[in-house]
Amino acid sequence: MKKIIITIDGYSSCGKSTLARQLAEQLNYLYIDSGAMYRAITLYFIQQRVDWADQVQVKNALASIHLEFVYNQISGRNEMFLNEENVEQLIREMLVAEKVSEVAAIREVREFAVAQQQKMGVQKGIVMDGRDIGTVVFPHAELKIFMTADPAVRVERRFKELYEKNKNVTLHEVKENLELRDYIDANREVSPLRKAEDAIILDNSQLSMDEQLELVKQWVEDAI
Ligand code: C5P
């Protein structure tokens, strides 16, 4: 069967990665979480005390970063490796979430990540989620989805997810972080979060996971 590229963009915590992963599994496609790459770059900048206001430091730091997704047989998921180290857990922490949108707004950082993302799609058969996948990374993708959900639903979802790992996290800080990231992502100069003109809007505030998947599988059939 013909393989296509599926892009899923949208605001933070709309459930993009859950849908992308389920779709990839069902279609036997590769799933790439582009946000993990920006998170890993941010982690490196924090760890190495890179001053990201300084272009030279940014360029030098990027030259020392090797990113790779490695499949974990046990979890059945692709995990993010930064310079051969598994950082899948670390990149999900608040420390990274607080800075990632600042780092992802830097032109050089985006060029670095986008070039790698485009290579991953050369063979098609890929589902990638992020903020600029349908607009910049794969503007000719066969199926583009733009996800939205009620802000209160999104905060609640992300809070539950983070609280399972860290009981100190508060609803207030999660809400503030989502609002700030969405604001920076939608208003940055380089590749701001936008719905591609030919993207289909998926508002999943009132949809169960199963309903959502059934709906999108129909869109995939239509696109193939
Ligand atoms: O998807 P996730 O919430 O993990 O992404 C973390 C951050 O990475 C986003 O808030 C955004 O700043 C950045 N990002 C981006 N472009 C992408 C994916 C993520 O700017 N394609």
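The values are calculated or read from the model by the stated rules, or taken from the named source; none is laboratory data. Keep in mind the model is a prediction, meaning the values are calculated, not measured. Using ideal geometry, Cβ is built from the backbone for each residue, glycine included, and neighbour counts are taken over all protein chains shown.
What the table shows:
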{"quantity": "Condition broken by Tyr71, with the remaining ones in (1) among the aromatic types (Phe, Trp, Tyr); (2) more than 15 Å from the ligand (Cβ to nearest atom); (3) modelled with pLDDT of 95 or more satisfied", "calculated": "(3)"}
{"quantity": "Meets criteria (surrounded by 16 or more Cβ atoms within 10 Å (Cβ to Cβ), under 15 Å from the mean Cα position of the chain (by Cα) and at pLDDT 95 or above) for Ala113", "calculated": "yes"}
{"quantity": "Residue pairs meeting the criteria (Cβ under 8 Å; at least 6 apart or on separate chains; first farther than 20 Å from Glu176 by Cβ, in segment 137-153; second β-branched (Val, Ile, Thr) and modelled with pLDDT under 95)", "calculated": "Glu142/Ile224"}
{"quantity": "Per-region count, segment 90-100, residues modelled with pLDDT of 95 or more and not basic (Lys, Arg)", "calculated": "4"}
{"quantity": "Residue in segment 84-94 that is farther than 30 Å from Asp222 by Cβ, in contact with a Phe, Trp or Tyr (Cβ under 6 Å, 6 or more places away or on another chain) and surrounded by 14 or more Cβ atoms within 10 Å (Cβ to Cβ) present", "calculated": "no"}
{"quantity": "Filter result for Ile32 (in contact (Cβ under 8 Å) with a residue 40 or more places away in the chain and either out of contact with any Asp or Glu (no Cβ under 9 Å at 6 or more places or on another chain) or away from the ligand (no atom under 13 Å from the Cβ) (or both))", "calculated": "no"}
{"quantity": "Single residue of segment 116-142 satisfying the filter (acidic (Asp, Glu) and under 14 Å from the mean Cα position of the chain (by Cα)) that is nearest to Ala20 (Cα to Cα)", "calculated": "Asp129"}
{"quantity": "Residues that are in a helix (DSSP H, G or I) and either without any contact (Cβ under 8 Å) to a residue 60 or more places away in the chain or surrounded by fewer than 22 Cβ atoms within 10 Å (Cβ to Cβ) (or both), drawn from segment 11-22", "calculated": "Ser17, Thr18, Arg21, Gln22"}
{"quantity": "Verdict on Lys124 being of a type outside the set (Gly, Ala, Ser), farther than 15 Å from Phe69 by Cβ, at pLDDT 95 or above and more than 12 Å from the ligand (Cβ to nearest atom)", "calculated": "yes"}
{"quantity": "The lone exception for Gln26 - which of (1) assigned to a loop (DSSP other than H, G, I, E, B); (2) out of contact with any strand residue (DSSP E or B) (no Cβ under 9 Å at 6 or more places or on another chain) it fails", "calculated": "(1)"}
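Let's see how each residue does on (1) more than 30 Å from Met1 (Cα to Cα); (2) away from the ligand (no atom under 13 Å from the Cβ):
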{"site": "Ile46", "(1), (2)": "yes, yes"}
{"site": "Asp51", "(1), (2)": "yes, yes"}
{"site": "Val56", "(1), (2)": "yes, yes"}
{"site": "Met94", "(1), (2)": "yes, no"}
{"site": "Ala104", "(1), (2)": "yes, no"}
{"site": "Glu111", "(1), (2)": "yes, no"}
{"site": "Gly134", "(1), (2)": "no, no"}
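Conditions (1) modelled with pLDDT of 95 or more; (2) out of contact with any Cys (no Cβ under 9 Å at 6 or more places or on another chain); (3) surrounded by 17 or more Cβ atoms within 10 Å (Cβ to Cβ); (4) under 25 Å from Tyr38 (Cα atoms), marked per residue:
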{"position": "Ala149", "(1), (2), (3), (4)": "no, no, yes, yes"}
{"position": "Phe159", "(1), (2), (3), (4)": "no, yes, yes, yes"}
{"position": "Asn168", "(1), (2), (3), (4)": "no, yes, no, yes"}
{"position": "Asn177", "(1), (2), (3), (4)": "no, yes, yes, yes"}
{"position": "Arg181", "(1), (2), (3), (4)": "no, yes, yes, yes"}
{"position": "Ala196", "(1), (2), (3), (4)": "yes, yes, yes, yes"}
{"position": "Gln206", "(1), (2), (3), (4)": "no, yes, no, no"}
{"position": "Lys217", "(1), (2), (3), (4)": "yes, yes, no, no"}
